[in-house]
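In what follows, a single structure is set out as structure tokens and then discussed.
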Amino acid sequence: MKILVATDGTLPVDATVRHLQRLWKPGDDVIILTAINLPRQFLKQLASVGGGEGGSAIADIVEAAGPGMTGLGGGARAAERLAPREGPAALDEVLERYYRRMADENTKPLVEALQAVDIPAKPLIREARDRTAATIIEVCRERRCDLLIVGSTGRGRFEGRLGSTGTKLVRGAPADVLLVRVEATKHAAH
């Protein structure tokens, strides 16, 4: 069986491991996917408005975007995530560093917890480009997965209109879907 676990870092590790311990059999493939929405085009446009192709300081970009508008958190949190660690860096380099860091933060705890109970799992990172559900469905199809495990708070951003990512996955995934409850407070923290 091929099992795809999609996480944005809020999927409860303990509950997910318990479910996989009941379902996984030797020889099954477990893939831990994180689909990262990285607003590259938006940030590049902000950089060009602020002073040239990728030449604006990260603080200027974050200030121009306003709290939460970058999709990276607001104010100091976004600036800290995007800030170069040493010397000036091109916007693409900073975004790549952010991408790798978030991918590691989102997948590593679950991969390590599964390996600790002898379930081999491989991380997979995809850039979602504001299409999280479609990206997960695409990976599920490509990998011919039998089971998709995702977290759900039960509260979509446009609930009643467009539905949550979990709802879109239940409706569109080419595999069975297991929803693992995510506490609303944990989801809001990310």
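Things to note:
- Difference of contour (0.36 nm per residue) and Cα-Cα distance, LYS25 to VAL117: 31.9 nm
- Residues whose amide H falls under 5 Å from that of LEU178, counting only those 5 or more places apart or on a different chain, are LEU148, ILE149, VAL150, with hydrogens built in the peptide plane.
- Each label point was placed 7 Å from the Cα along the Cα-to-Cβ direction; for ASN37 and THR10 their separation is 1.1 nm.
- The amide H of LEU38, built 1.01 Å from its N in the peptide plane, has ALA128, ARG129, ASP130 as neighbours under 5 Å, considering only residues 5 or more places off or on other chains.
Bear in mind that the values in this text are calculations on the coordinates, not laboratory data. Note that this is a predicted model, so its numbers are computed, not measured. Cβ: placed from backbone, ideal geometry, glycine included. Neighbour counts: every protein chain shown.
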